[in-house]
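Structure first, then comments.
Nothing in this text is a laboratory measurement; each read-out follows from the coordinates by a stated rule. None of the values given here were measured: they were computed from a predicted structure. Every residue, glycine as well, gets a Cβ built from its backbone with ideal geometry; the counts of neighbours run over all protein chains shown.
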Amino acid sequence: MNTRFDIAAWGAFAGRLARLLHGGVPLLEALAFLAARGSAKERAWYEEVQLRLQAGHPLSDSIKRGEAPLMMQALVEVGEHGGDLAGSLLRSADYCAEQVKWRRERRQAMLYPLLVGAVLVFLSLFLFGVVVPRFAELYAGMGLEVQGATRLLFGLSEAYPLLLGALFAALGTSMAWKAGSKKGRGTSSLLPKLERVPFLRRLLLVERTHEWVATLGLLLDGGVPLVQALYVQERLPLREENRSACVRIRDKVLQGSPLGDAVECEQLDAALPLAIGVAEVTGELSRALLAVERELAEQRRQLMSLMIKALEPILLLIAGLFVGLVALLMMWPMLNLIQSI
């Protein structure tokens with residue numbers, strides 16, 4: 001099965017199928033209903049799933065072959081064994097929707113910095129490609145000898161297209177290498193440097209904790225035992241720190257430690273061990289984890305918004321300084337000439 005869907009399509013499929021199953025529609029009839037109303041690509045996949053179900057293969061097997069998100073694979077498999085397939089599909093839909101929402105929020109948050117960056121690139125192209133060369137020709141025609149920083153500026157204008165092309169080529173090569181070499185969403189080598197900034201350290205901590213809490217909470221809410229849920233977590237495309245934490249936490253839980261004590265030694269939000277400890281006493285661990293997940297998601301949105309608001313004046317200041325410096329260096333020989341008259 002080589003049909004590939006994005007995470008939004010998988011979430012839509014899980015939500016629609018879950019509603020039909022909750023309404024009492026048998027699985028094969030539900031898939032036929034969806035196939036009749038889907039696109040050609042979706043219809044081909046639904047029909048293949050129906051054939052595999054009729055041959056005795058479970059739905060989870062078809063979802064794995066379709067390369068669905070690993071969290072969805074785990075939840076559907078648990079739902080089949082536990083007799084709550086519709087509930088597992090609803091949790092899968094919620095998980096996919098949360099992932100899509102967070103990706104959209106990140107794109108929207110980065111839109112303004114990217115826009116300012118693009119303006120800076122086009123502005124620099126205009127300055128170094130049009131304005132600076134004209135000033136260089138003007139001074140050469142006047143017989144003025146430029147020195148120091150202005151001479152360096154004129155030299156940069158001649159080599160600027162090559163430098164910019166080399167920079168973009170290096171960035172493209174670096175991004176392609178990272179995309180091909182990383183596993184899942186492994187930790188970038190840039191993160192340890194970013195964590196030195198207090199504000200970014202807090203944002204990364206909240207994001208890391210949210211990822212760990214959200215996945216574990218969904219698995220436990222789906223009926224997966226704690227140790228098995230930690231094992232499934234380790235196989236998910238989480239950050240490398242979270243996958244390693246799952247191994248350490250699972251080992252401590254197997255040795256008899258409460259989950260709250262096992263989490264306390266990890267690099268997660270400081271309030272998490274207390275919330276887990278209280279939940280273990282009340283017996284509502286999954287509900288508590290999902291509540292913490294919602295709180296962390298709100299914190300993450302607020303921190304991202306504050307970061308973008310702080311970046312706006314910084315980027316405008318950089319743009320203003322850049323234009324002002326170039327203008328000053330271009331006019332400096334003219335100012336010297338005026339002073340000598």
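Annotations for the structure displayed:
- Loop-resident GluC sites (Glu not before Pro) (DSSP state other than H, G, I, E or B) in segment 23-104 with no more than 16 further Cβ atoms inside 10 Å of their Cβ: GLU67.
- Two-site FRET efficiency, LEU317 against ARG151, from Cβ-Cβ distance with R₀ of 30 Å, rounded to 0.05: 0.65
- Values of log10 I(q)/I(0), in the order q = 0.09, 0.14, 0.16, 0.18 Å⁻¹, for segment 6-161 under a Debye, Cα-only, solvent-free model: -0.51, -0.74, -0.88, -1.03
- Cα-based Rg / Dmax (Å) for segment 7-97: 11.7, 33
- Extension gain for MET142-ILE338 works out to 69.3 nm (0.36 nm per residue, less the C-alpha to C-alpha distance).
- Simple point charges give the picture: +1 on the Cβ of Lys and Arg, -1 on the Cβ of Asp and Glu, and for the chain a dipole about the Cα centre of about 620 debye.
- Comparing TYR231, MET304, LEU205 along the charge dipole axis of segment 193-309, the residue lying farthest to the positive side is MET304, per the Cβ-charge model.
- Distance between the 7 Å Cα→Cβ label points at GLU284 and ARG201: 3.5 nm.
- Debye-sum result for segment 193-309 in log10 I(q)/I(0), which assumes one identical scatterer on each alpha carbon, at q = 0.09, 0.17, 0.19, 0.23 Å⁻¹: -0.23, -0.81, -1.00, -1.40
- Charge dipole (debye, nearest 20) of segment 7-97; +1 at Cβ of Lys and Arg, -1 at Cβ of Asp and Glu: 240 debye
- Longest stretch of the chain clear of exposed loop sites (trypsin sites (Lys or Arg not before Pro), DSSP loop, at most 14 other Cβ atoms within 10 Å, sites excluded): 5-181.
- Using a cutoff of 8 angstrom between alpha carbon atoms and counting only pairs six or more residues apart, the relative contact order for the chain works out to 17 percent.
- The phi-based Karplus calculation (6.51 cos²θ - 1.76 cosθ + 1.60; θ = phi - 60°) puts the 3J(HN,Hα) values of segment 127-138 at 5, 7, x, 10, 6, 4, x, 5, 5, 4, 5, 4 Hz, whole numbers, x for Gly and Pro.
- More than 36 angstrom apart: percent of Cα pairs within the chain: 43 percent
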